[in-house]
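Heads up, the thing below is written out as structure tokens.
The values are calculated or read from the model by the stated rules, or taken from the named source; none is laboratory data. All figures in this text were calculated on a predicted structure; none of them were measured in a lab. Quick reminder, even Gly has a Cβ in these numbers, built from the backbone with ideal geometry, and neighbours come from all protein chains shown.
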């Protein structure tokens, strides 16, 4: 009987020690995960800042190249100021998403958000032989954090443009609403994505651009779609992709409508 008690006590001590070791490992893993999150977040922000700086640089260059045209210079500077403010809002929003914070959602007209994106990009896609086809009802609203959804759409639009260079093609952005959601579809007629890559497309640092010349010299870090998915997840929505090599890619977003259960 004494031996049995001693064995039980020894077993309890062993289990307790193992539990302590497990707790220590969990704590260390949480610290490592926090560091990994910081690294990923930093890369995401750098990726998005680059997307924003390009049009701002274009506006500044336009102004410097036409100093005698006061009307054009003023217009370029106004757009620069406007987009700088927008960039600040986007950076704050991105940090909130990366840190798991929530921001106030509101009903915004989707067509206005998309128009603002193309204004911010400061690029006439027709110069790249790309036809932009927008099919969004003017009164269609989306319940979301506007700048976050704009960043998702901007990423998908830029990816679509990259996929169609240098040959050109058709970029289609369309949306409709169902009883419970707003459905957004962004499609291109570009190079497409190989089937083996589709399963990894939203993974951090996975990119299909590493071996191809992109319109964006620093694109290909593999964080744009990761950020897109995180934003959509925060909105309790879903994002799907369908693609076929040589026949283009379609991204489908589903964002829930406002409900009384949503926090004010």
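Would you mind finding the one in 228, 221 that is assigned by TED's automatic domain parsing to the domain that holds residue 137, under 20 Å from residue 141 (Cα atoms) and modelled with pLDDT under 90?
Working: 221 fails: under 20 Å from residue 141 (Cα atoms).
None of the other options fit; the residue is 228.
Taking only the range 155-178 into account, find how many residues are in contact (Cβ under 8 Å) with a residue 40 or more places away in the chain and farther than 24 Å from residue 247 by Cβ.
Matching residues across the range 155-178 total 1.
Select from the range 155-186 the residues that are surrounded by fewer than 23 Cβ atoms within 10 Å (Cβ to Cβ), under 14 Å from residue 255 (Cβ atoms) and within 13 Å of the chain's Cα centre (by Cα) and list them in ascending order.
Listed by number, the list is empty, since nothing qualifies.
Evaluate the following for residue 136: is it at pLDDT 95 or above and more than 18 Å from residue 243 (Cα to Cα)? Talk me through it step by step, then tell me what you get.
Working: at pLDDT 95 or above: yes; more than 18 Å from residue 243 (Cα to Cα): yes.
Judged against the criteria, residue 136 is a match.
Conditions (1) in the same structural domain as residue 143 (by TED's automatic domain parsing); (2) assigned to a helix (DSSP H, G or I); (3) modelled with pLDDT under 80, marked per residue:
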position: 26; (1), (2), (3): no, yes, yes
position: 32; (1), (2), (3): no, yes, yes
position: 38; (1), (2), (3): no, yes, yes
position: 49; (1), (2), (3): no, yes, yes
position: 53; (1), (2), (3): no, yes, yes
position: 80; (1), (2), (3): no, yes, no
position: 86; (1), (2), (3): no, yes, yes
position: 95; (1), (2), (3): no, yes, yes
position: 100; (1), (2), (3): no, no, yes
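In the range 118-154, what residues are in a strand (DSSP E or B) and under 15 Å from the mean Cα position of the chain (by Cα)?
Initial filter on the range 118-154 (in a strand (DSSP E or B)): 130-135, 141-144.
The one that is in a strand (DSSP E or B) and under 15 Å from the mean Cα position of the chain (by Cα): 144.
Could you identify the single residue in 239, 157 that is part of a strand (DSSP E or B), at pLDDT 90 or above, within 20 Å of residue 134 (Cα to Cα) and in contact with a helix residue (DSSP H, G or I) (Cβ under 7 Å, 6 or more places away or on another chain)?
Working: 157 fails: part of a strand (DSSP E or B).
The conditions single out 239.
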